[in-house]
Every structure is written in structure tokens, then in C-alpha cells.
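Student: I am attaching a structure below and will ask some questions about it afterwards.
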Amino acid sequence: LRIGDGLKMSSQNLLQHGEKDWAAAKAHFENLKSTKPRPPKPKYAVTIAVSSRTLFDMVAERKIFEEEGLEKYVQHQQEHENEPLKPGPAFPFVKALMTVNERLRNLYPDSEELFDIVLMTNNHAQVGVRLMNSINHYDLTIERFCMTGGQSPIEYLKAYMTNLYLSKDSKKVQEAIEEGIAAAIMFKPDVVTQLSETQLRVAFDGDAVLFSDESEIIVKQHGLDTFFEHEKQYENKPLAQGPLKCFLEALGKLQKKFYAKNERLNCPIRTFLVTARSAASSGARVLKTLRSWGLEIDEALFLAGAPKGPLLLKIRPHIFFDDQMFHIEGAKEMGTIAAHVPYGIGQKYNKGKLIEPEKQQK
């Protein structure tokens, strides 16, 4: 018994010493000084995970991978690792996130409630040097990398408490949405437009993006008249949340930090609702739903079925989220950086017509 007690006490002493050593090491690391901003802890941050193909234009590199295989692809990347990759569709969005962080740090020097940008790529680790060199070339504040070597990023996205995942891989985006992570497939605009360098501008569709697709199902299956009647009947019943609601919520929390410092009129985050709904016939339920969630939207545009492209050209968002590809196509044709949210009944339709099962599989 005495020997056992001695071993127990010895184990406890070792554990206590180990905890002290860990605490000391942690404190030492946190007290290290650097001129470069340290990324915030995930539990405080609004974490944005971007893939390498959304952050950078890697069309030529992707072609090598698809036509010549992984080994040639890695070889090409190593041979060109000192040549910076060109900006991709998520690049302006990331720059705008950094602008917001700079403003937040000026107002709240000790706060960790900031955007944290994570590069989430299925690239081989050997490709990492070119990615790092490119990030340093553009002076991007991205310190966290996950190079998964072709494996699913889902568990890493969960570990980082990701608020938004942007990729060009539709399967990975769908997998993320199914796991409750806000996600979208990014598209490069057909023409380049000048975007704000002082304000992050984010535009959302309503149904099947911020809200569930429950109302859209009625439109598709029963027509507009039934939809208008339904929305009037349930005007005071909040819509269920959609896949991007949590991201709007995260933006709202950061906006309130600016409002608390009397910076509402000079807030570097602006949000837009751009919906095909009609205002008088079906708009009230949308606004009442946002109110019930305690969320604000800076501008609400009810287009009553009109094309979204021309209005988006006036807004010039850094990113526009929509669940229907014909809206995405119309937006990017006019120079808007668009992101497709593959969620809800809209995925079974194209321009209002049901897609045949064989075409859906393709």
C-alpha cells in the first residue's frame, strides 16, 4: 500500500509539474512580441476558410494536375515557387477582411474578436512553399494553413470553428453545408470591377441562403399565387434559418463593435439583402424574420423577379451569395464576384424548369 501510495503521489507531482511547465510555456509564447499581428484564437474569431484555388488563380496549374497527374503538378509548383500566383476570386474579399481587422485593432487593441483567415487546401505539403511565398508577396495576413493532401477538410473546418468556407470544389462545399458549416462555391467574374478598399460589402440572397427553402418549395411546386397567400398567412411566423444565417450573424456581431464606438456611419462592414421576392406581396415575412433573430441588414432590395446583375453592379459587393446558378451567371457576367450556395430545392431547377434526373447527375 505504501509503495502504491508513493507511486500515486509521484504521479500527481509529475502531473502538477507538467501542468506548471505547460502553463509557463503557454504564457511565454503569448507574451512574445511581434510587429506582425498574431491571429486570434478560434473561439473568439470569425474564421474564414478559403481554398488555394479561390484565393489564387490556379487554372493553369489545375490543368497540369488533371492532364499530367500529381507528380508533374508538384514538380511544376516547386519549379515556380518563387513566382507569385495571380489573385483569384476570393482575393478582394480577403483584403477587405484585413481592412476590417485593422479598424477593429485600432478601436479594440486587446480584443481577439477579429476575422481569422485560414488557407484550407487539399494540396500536397510540397506545394506549400509557393502558396506561402505568394501570400507574403501580397502581404496577406494568413498564418494558419491546412494542407490536407486530398483528404476531406471537414474535421479541420470544425476544429477551427469555421464561420465560412469558400472553395471551388462543389463536393467539399456540399459536405460542409451538410455538416452545418456555411459554405459556397466561388466563381470568378467575367469582367473586373473596382471594389471598395475601405468597406467590406457582402450581399446575400434570401430564400435557401439566409433562410430555409420552405417558401421556395411552394413557389416551385404550387406557383406564385399560392406562395403569396402562404407568405401573408404566415407573415408573423419566422422562417427557419438557411445555411448562411450564421455568417450574417457573425458579421452583425462585429458591426456592433463599431456601433458601440459611435462608428455606425463609418462602419467598414455593410450587408445587403438582394432577393427576387416582391416587397408588398412577400417582403414583410423576411424583414420580420431578421428582426426575430435580432439581426440587421443594412440595405434590402426586393426585385420582384427582375435580374439581379444590374443592381449588384451598383452595390459592387466583395462577395454575393445565391442558391441559383442563373443568378450567379447573371451576376458574374456583369463583374460581380459570386458564390453559389448548393442548398435546397433550387438545385433541382434551372430558370424555373425542373432538371431531368439524368442531367442532374451530370
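Student: Scan region 255-292 for residues that are touching a Phe, Trp or Tyr at 6+ places or on another chain (Cβ under 8 Å) and more than 25 Å from Gly346 (Cα to Cα) and report the count.
Tutor: Going through region 255-292 one residue at a time, the tally reaches 6.
Student: Of (1) at pLDDT below 90; (2) outside any helix (DSSP H, G or I); (3) open to solvent by less than 80 Å² (accessible area, probe 1.4 Å), Asn13 satisfies all except one. Which?
Tutor: (2)
Student: Follow-up. Pairs needed: first member in region 89-103, assigned by the TED database to the domain that holds Asp169 and touching a residue at least 12 places away in the same chain (Cβ under 8 Å); second member anywhere, part of a helix (DSSP H, G or I) and open to solvent by less than 10 Å² (accessible area, probe 1.4 Å); C-beta distance under 8 Å; at least 6 residues apart or different chains.
Tutor: Every condition considered, the pairs that remain are Pro89/Thr54; Ala90/Thr54; Ala90/Leu55; Phe91/Leu55; Val94/Leu55; Val100/Leu254; Arg103/Phe258.
Student: Can you pull out the residues in region 173-188 that are open to solvent by 30 Å² or more (accessible area, probe 1.4 Å) and out of contact with any Cys (no Cβ under 9 Å at 6 or more places or on another chain)?
Tutor: Residues satisfying the conditions are Gln174, Glu175, Glu178, Glu179, Phe187, Lys188.
Student: Return the residues of region 256-308 that are over 24 Å from the mean Cα position of the chain (by Cα) and part of a helix (DSSP H, G or I); say none if nothing qualifies.
Tutor: Answer for region 256-308, where residues must be over 24 Å from the mean Cα position of the chain (by Cα) and part of a helix (DSSP H, G or I): Leu265, Ala279, Ala280, Ser281, Ser282, Gly283, Ala284, Arg285, Lys288.
Student: For Arg316, only one of the following conditions fails: (1) open to solvent by 60 Å² or more (accessible area, probe 1.4 Å); (2) modelled with pLDDT under 95. What is its number?
Tutor: (2)
Student: Give just the number: which of (1) assigned to a loop (DSSP other than H, G, I, E, B); (2) open to solvent by 60 Å² or more (accessible area, probe 1.4 Å) does Asn106 not satisfy?
Tutor: Every listed condition holds for Asn106 apart from (1).
Student: Residues in region 193-214: is at least one within 25 Å of Lys332 (Cα to Cα), basic (Lys, Arg) and modelled with pLDDT under 95?
Tutor: no
Student: How many residues does region 112-150 hold that are under 20 Å from the mean Cα position of the chain (by Cα) and part of a loop (DSSP other than H, G, I, E, B)?
Tutor: Total meeting the criteria: 10.
Student: Note down all Cβ pairs under 8 Å where the first residue falls in region 213-238 and is closer than 17 Å to Gln347 by Cα, the second is among the polar types (S, T, N, Q), and they're at least six residues apart or on different chains.
Tutor: Ser215/Ser282; Ile218/Thr226
Student: Output the number of residues of region 75-100 satisfying the condition of being under 14 Å from the mean Cα position of the chain (by Cα) and hydroxyl-bearing (Ser, Thr, Tyr).
Tutor: 0
Student: I've got another one for you. Which of the residues spanning region 144-168 are in contact with a Lys or Arg (Cβ under 8 Å, 6 or more places away or on another chain) and open to solvent by 30 Å² or more (accessible area, probe 1.4 Å)?
Tutor: Of everything in region 144-168, those that are in contact with a Lys or Arg (Cβ under 8 Å, 6 or more places away or on another chain) and open to solvent by 30 Å² or more (accessible area, probe 1.4 Å) turn out to be Ser152, Tyr160, Met161, Lys168.
Student: Also: Contact list please: Cβ distance under 7 Å, first residue in region 322-334 and within 10 Å of Asp190 (Cβ to Cβ), second residue assigned to a helix (DSSP H, G or I) and open to solvent by 10 Å² or more (accessible area, probe 1.4 Å), pairs at least six apart or on different chains.
Tutor: Taking only residues 6 or more apart or on different chains, the pairs are Met334/Pro310; Met334/Leu313.
Student: How many residues does region 212-234 hold that are at negative phi and exposed (fewer than 15 other Cβ atoms within 10 Å of the Cβ)?
Tutor: Qualifying residue count for the region: 9.
Student: Can you name every residue in region 73-102 that is open to solvent by 60 Å² or more (accessible area, probe 1.4 Å) and in contact with a Phe, Trp or Tyr (Cβ under 9 Å, 6 or more places away or on another chain)?
Tutor: Once the filter is applied, which keeps residues that are open to solvent by 60 Å² or more (accessible area, probe 1.4 Å) and in contact with a Phe, Trp or Tyr (Cβ under 9 Å, 6 or more places away or on another chain), region 73-102 yields Lys86, Lys95.
Student: Does region 249-281 hold any residues that are among the basic types (Lys, Arg) and either open to solvent by 60 Å² or more (accessible area, probe 1.4 Å) or free of Cβ contacts under 8 Å to residues at least 40 places away in the same chain (or both), and which are they?
Tutor: Lys253, Lys256, Lys261, Arg264, Arg270
The values are calculated or read from the model by the stated rules, or taken from the named source; none is laboratory data. The structure presented is a predicted model; accordingly, all values stated were derived computationally and were not measured. Using ideal geometry, Cβ is built from the backbone for each residue, glycine included, and neighbour counts are taken over all protein chains shown. Areas reflect the complete protein model, heavy atoms only, side chains present, ligands, DNA and RNA absent. Shrake-Rupley method; radii C 1.70, N 1.55, O 1.52, S 1.80 Å.
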